[in-house]
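Data block below; observations after.
The values are calculated or read from the model by the stated rules, or taken from the named source; none is laboratory data. In this text, all values refer to a predicted model and were calculated from it rather than measured experimentally. Methodologically, a virtual Cβ is constructed for each residue, glycine included, from the backbone with ideal geometry; neighbour enumeration extends over all protein chains shown.
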Amino acid sequence: MIRTARLKAFAKLNLGLRVLYRRPDNYHELRTVFQTISLADELTVRFVKSRQTRIEVEGTPEISDNLAARAARLVLETLQIQGDVRISLSKSIPMGAGLGGGSTDAAAILLSLPTLVGGKLPVNQQLALAEQLGSDVPFFLQGGTALGLGRGEELYPLPDRSGKFVLLICPDVHSSTADAYGDLSARLTSATLQNKLNSFQQEVRQAAGGGLSQGVAYENDFEEVVFARHPQLRRIKERLLRSGARSACMTGSGSAVFGVFEHGDRLARAKAAFKENGYAVSFLSRPQYQSAWKRALKSHTKGDSWPPQSRYAR
């Protein structure tokens, strides 16, 4: 029997991002607020039991070392199940823009494939697999708004943010994450550490108290070094603010820049003024995010628990 699920894998924004210091494991200690948005890739996942495991990903563009394929293999190996998995992937999330496109696709497989194969994947195992695949992947197992610590994998849910009118500008610019970290590492000093923590905490408190409508001044430490390499990104942020955005910030290490507007008409006028690829999106709350997943997997699941539980499991 072939079991099929059609899914949406939603993108994320970083509502502020601080890079504190390089850790002994050579990763950087981060502070950020993750936020899921309505922009999404579309996936169709098909599974049938077989004597040998075969995993295929079809899509445009073709992606080498696809995280979705790696996630599928990890799920089957962990559940000790063999089968034929075929993933059709339609990309809408721009690649290399700091929007978590590869990570959300991987999380989509971690959430959906266990329900199709009839396996039981406890939350702690699912989280462990997500951490193997990438620092952003654990966030997409929950969605909504969350505080990210460590490499970003240590997560704490936050009150949902209001963001109905968000303009996301994705220019044809490749911002190298490796270069961004390298440039920023040379500037990290212990003298700025406490200032970063204090300002980040202030942003979080202000936004939690409804400050988004008044324009939270989100800060992303990567902006200074990435804007130096790609001055057009600074101009995009400035144009968003001049166009009436109450807040504007680059997400991740770039190159996407977003602006939050109070009204849809202002967003529409701003979008028309940009020649770069622009997307009108909205924030997705955690209940909205998880409800979308439950609807997508409804025919294969039982109950209303999170993560979804397979009705085929014994």
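Key figures for this structure:
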quantity	calculated
Scan of the stretch 1-52 for residues that are touching a strand residue (DSSP E or B) at 6+ places or on another chain (Cβ under 6 Å) and outside any strand (DSSP E or B), ordered by number	I2, R23, S50
Verdict on D183 being outside the structural domain of R73 (by TED's automatic domain parsing), part of a helix (DSSP H, G or I) and in contact with a helix residue (DSSP H, G or I) (Cβ under 6 Å, 6 or more places away or on another chain)	yes
Among (1) surrounded by fewer than 19 Cβ atoms within 10 Å (Cβ to Cβ); (2) without any contact (Cβ under 8 Å) to a residue 60 or more places away in the chain; (3) touching a helix residue (DSSP H, G or I) at 6+ places or on another chain (Cβ under 9 Å), the one test that N198 misses	(3)
Residue ranges of strands (runs of 3 or more DSSP E) in the stretch 99-172 with at least 3 members touching a residue at least 60 places away in the same chain (Cβ under 8 Å) and more than 14 Å from I37 (Cα to Cα)	145-150
Hey, A130 in contact with a Pro (Cβ under 8 Å, 6 or more places away or on another chain), outside the structural domain of T251 (by TED's automatic domain parsing), crowded, with 18+ Cβ neighbours inside 10 Å and over 17 Å from L297 (Cβ atoms) or not	yes
Filtered residues of the stretch 67-97 (kept if assigned to a helix (DSSP H, G or I) and out of contact with any Asp or Glu (no Cβ under 9 Å at 6 or more places or on another chain))	R70, A72, R73, L74, V75, L76, E77, T78, L79
Failed criterion for E29 (all others in (1) in contact (Cβ under 8 Å) with a residue 12 or more places away in the chain; (2) over 30 Å from S199 (Cβ atoms); (3) among the charged types (D, E, K, R) hold)	(2)
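Residue by residue, here is whether (1) crowded, with 24+ Cβ neighbours inside 10 Å; (2) modelled with pLDDT of 95 or more; (3) under 22 Å from R3 (Cβ atoms) holds:
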| residue | (1), (2), (3) |
| --- | --- |
| S64 | no, no, no |
| E77 | no, yes, yes |
| A106 | yes, yes, yes |
| S112 | yes, yes, yes |
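For every residue, the table says whether it meets (1) of a type in the set (S, T, N, Q); (2) in contact with a Cys (Cβ under 7 Å, 6 or more places away or on another chain); (3) more than 30 Å from Y218 (Cα to Cα).
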{"site": "K12", "(1), (2), (3)": "no, no, no"}
{"site": "R22", "(1), (2), (3)": "no, no, no"}
{"site": "F34", "(1), (2), (3)": "no, no, no"}
{"site": "L39", "(1), (2), (3)": "no, no, no"}
{"site": "R51", "(1), (2), (3)": "no, no, yes"}
{"site": "A71", "(1), (2), (3)": "no, no, yes"}
{"site": "I81", "(1), (2), (3)": "no, no, yes"}
{"site": "D84", "(1), (2), (3)": "no, no, yes"}
{"site": "S88", "(1), (2), (3)": "yes, no, yes"}
